[in-house]
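Structure provided below as structure tokens; questions to follow.
The values are calculated or read from the model by the stated rules, or taken from the named source; none is laboratory data. Keep in mind that what you see is a predicted model, and the values were worked out from it rather than measured. FYI the Cβ positions are ideal-geometry reconstructions off the backbone, even for glycines, and counts take in every protein chain you see. What goes into the accessible areas is simple: the full protein's heavy atoms, side chains included, and nothing from ligands, DNA or RNA. Shrake-Rupley method; radii C 1.70, N 1.55, O 1.52, S 1.80 Å.
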Amino acid sequence: MELKTGYKQTEIGVIPEDWEVKTLGELAIIGSGGTPSRKNTNYWNGTIPWITTSQIDFNTIADAEQFITDEGLNNSAAKLLPANTLLLALYGQGKTRGKVARLGIDAATNQACASISITENLSSDYLLCFLTSKYETIRNFSNGGSQDNLNGQIVKQIPVLLPPLPEQTAIAAALSDVDALMGKLDKLIAKKRDIKQATMQQLLTGKKRLAGFSGEWEVKRLGDVIDKIVGGGTPSRSNPDYWGNDIPWVTVKDFATFNPYQAQEAVTHEGLKHSASHLIPKETLITSTRMALGKAVIYKVDVCINQDLKALFPKSCVDNKFLYYWFERNASFIDELGSGSTVKGISLVDLKKITFHLFSIEEQTAIATILSDMDAEINALQQKRDKTAQLKQGMMQELLTGRIRLVSNENLLNHT
């Protein structure tokens, strides 16, 4: 295939003619850290920040969770690194391996962190962006074995695409602007959530009344305002005719990835018929009595549920959406009521005993409307944040491969 003018073929793909390909080991000194002996109390609780991979998450590390003493530093493989040193996680829990971050402070690290100290004429901002964009690729460089790990030798061999320095700076600045926008959105979302939590605390307990509502409220038990509770079940896994795409089948797993229109699994009408599950009408509140205690969801479609979940049908004196927000506010309290050595659960008896503040149905509806409007605003901001994150991914794909250039050839020639 004919190359586009101004581009060249390399061992890792087509790049602009004025770009280079170098290994990370050619551009920086790759180091590692260490852990002072935990047995020696003189090595810990000092003044030197000590970083582990748990803090590496594509950001700037501004503080440490643990500190060591000068004696601990001098009697271990740990080294004091200057601020702006880049860190790459060699291994760690979950998706930690391959993540990068920048030190915002002078600090030491443990042996699971590779330090990257730039020696060439290279923008550290650009390198951070580049390594971030290669997260999945870097993870795939792992050496396998009983635990997928990276090591210093692997890190040194990571190929880096190098534009001229002015273009590195321009790319990093463009991506930094997007990061700043996402940061502002994150702060705004957090603020809106805090306001909502405070509003729930005020309105759901009667500490603050809405304009036009002043009558007395009653203190009931949750069981007093629930008409019926319906449980669920699991169709036999050994019968393939019971599993298909007819009816969403909800489990606790769906609470973490909640989509009001679908579940991770679905059953057939035959499966529903031959199981202890029940068809739960849309707009019904569903909560868990085993794992994820206190969580509640409302689906926009009919679903069936497994045995860990319960569908709650309130009496006419309770607004269903108001009940949903009651669960949201009391989630932590309900979770604390749970018991069990391996899997926490709560009995229906204990759930029904929880105090419920019963307002007039009109006030319940008004409160639920206010909280729903707040949710809608938060969701809109979250969608904007998600779209911005997608935009950044697209920008990285284009800018860090040279498909889109931010600096003209004329400017590059003037620089050289």
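Evaluate E = 1/(1 + (r/R0)^6) for residue 370 and residue 38, where r is the Cβ-Cβ distance and R0 equals 45 Å; express this FRET efficiency to the nearest 0.05.
Values: r = 51 Å, r/R0 = 1.14.
Working from the Cβ atoms, E equals 0.30.
Against the empirical 2.2 N^0.38 Å scaling, what ratio does the C-alpha Rg of the range 81-152 come to? Walk me through the intermediate numbers first.
Details: Rg = 12.3 Å, N = 72, 2.2 N^0.38 = 11.2 Å.
Rg over 2.2 N^0.38 Å, computed on Cα atoms: 1.10.
Counting only other residues whose beta carbon sits under 13 Å from that of residue 136, what net charge do I get with K and R as +1, D and E as -1?
+4
Once amide H atoms are built 1.01 Å from N in the peptide plane, which residues 5 or more positions from residue 338, or in another chain, come under 5 Å H to H?
none
Could you give each residue of the range 152-162 its phi-based ³J(HN,Hα) in whole Hz, using Karplus coefficients 6.51, -1.76, 1.60 with θ = phi - 60°, and x for Gly or Pro?
Rounded to whole hertz, the list is x, 5, 5, 4, 4, 8, 5, x, 10, 7, 10.
Hey, could you get me the Stokes-Einstein D for the range 168-320, Kirkwood radius over alpha-carbon pairs, 20 °C and 1.002 mPa s, rounded to whole µm² s⁻¹?
Values: Rh = 18.8 Å.
After rounding, the answer is 114 µm²/s.
List the lysines whose Cα sits under 26 Å from the Cα of residue 156, skipping any in the same chain fewer than 8 residues away.
Within the straight-line limit of under 26 Å, residue 156 reaches these lysines: 8, 22, 79, 95, 99, 134.
Hey, another quick one. Amide H to amide H, which residues 5 or more places from residue 344 or on other chains are under 5 Å from it, using H placed in the peptide plane?
291
Accessible area per residue of the range 30-154 at 1.4 Å probe, in Å²? Before the final figure, lay out each step's value.
Details: 5910 Å² over 125 residues.
Per residue, the range 30-154 has 47 Å² of solvent-accessible surface.
Short version: what are the Cα gyration tensor semi-axes of the range 334-385, square root of 5 times each eigenvalue, largest first, in whole Å? It would help to have the intermediate numbers written out before the result.
Numbers: eigenvalues 189, 93, 6 Å².
Equivalent ellipsoid semi-axes, largest first: 31, 22, 6 Å.
Could you tell me how far the Cα centroid of the range 177-222 sits from the Cα centroid of the range 227-305, in Å?
That distance is 30 Å.
Straight-line reach from residue 207: which lysines have Cα under 16 Å away, leaving out those fewer than 8 places along the same chain?
Qualifying lysines at Cα under 16 Å: 196.
May I pose another question? Per the 1.4 Å probe, what fraction of the accessible area of the chain, in percent, lies on carbon and sulfur atoms? Walk me through the intermediate numbers first.
Values: 10590 of 21750 Å².
Roughly 49 percent of what the probe reaches on the chain is carbon or sulfur.
Given 5 Å bins starting at zero, what is the percent of C-alpha pairs of the range 1-105 in each, up to the one with the largest pair distance?
In whole percents, the pair-distance histogram is 2, 10, 16, 16, 15, 12, 8, 6, 5, 4, 3, 2, 1, 0.
Please sort by residue number the GluC sites (Glu not before Pro) in the range 225-289 whose DSSP state is loop and whose Cβ has at most 14 other Cβ atoms within 10 Å. Can you show the working numbers first?
Working: sites: 265, 270, 283; in loops: 283.
Within the range 225-289, the qualifying GluC sites (Glu not before Pro) (loop, at most 14 other Cβ atoms within 10 Å) are 283.
Can I ask one more? I want the local charge near residue 355. Using Cβ-Cβ distances under 9 Å, sum +1 for each Lys or Arg and -1 for each Asp or Glu among the other residues. Working shown, then result.
Values: positive: 220, 221, 353; negative: none.
Combined, the nearby Lys, Arg, Asp and Glu give +3.
Further question on the same structure: Determine ³J(HN,Hα), in whole Hz, for all residues of the range 65-72 in sequence, where each value follows from phi through the Karplus function 6.51 cos²θ - 1.76 cosθ + 1.60 and θ = phi - 60°; x replaces Gly and Pro.
8, 9, 9, 10, 9, 4, 5, x
Report the calculated FRET efficiency for residue 397 and residue 74 (r = Cβ-Cβ distance, R0 = 56 Å), to the nearest 0.05.
Numbers: r = 45 Å, r/R0 = 0.80.
Efficiency computed from Cβ-Cβ geometry: 0.80.
In addition: Amide H neighbours of residue 105 under 5 Å, at least 5 residues apart or on other chains, H built in the peptide plane: list them.
84
How big is the Rg/Rh ratio for the range 245-374, C-alpha atoms only, Rh by Kirkwood, two decimals?
Values: Rg = 15.1 Å, Rh = 15.5 Å.
Reported Rg/Rh (Cα atoms, Kirkwood Rh): 0.97.
Let me ask another. At 7 Å along the Cα-to-beta-carbon direction for both residue 279 and residue 333, put a label point, then send me their distance in nm to one decimal.
If labels sit at residue 279 and residue 333, their model points lie 3.7 nm apart.
Same structure again: Calculate the FRET efficiency for residue 169 and residue 191 from the Cβ-Cβ distance with a Förster distance of 56 Å, rounded to the nearest 0.05.
On the way: r = 33 Å, r/R0 = 0.58.
It comes out at approximately 0.95.
While we're on this one: When P(r) over Cα pairs in 20 Å bins from 0, in percent is calculated directly from the model, which label among (1) 23, 47, 27, 4, 0; (2) 20, 38, 34, 7; (3) 26, 59, 14, 0 fits?
(2)
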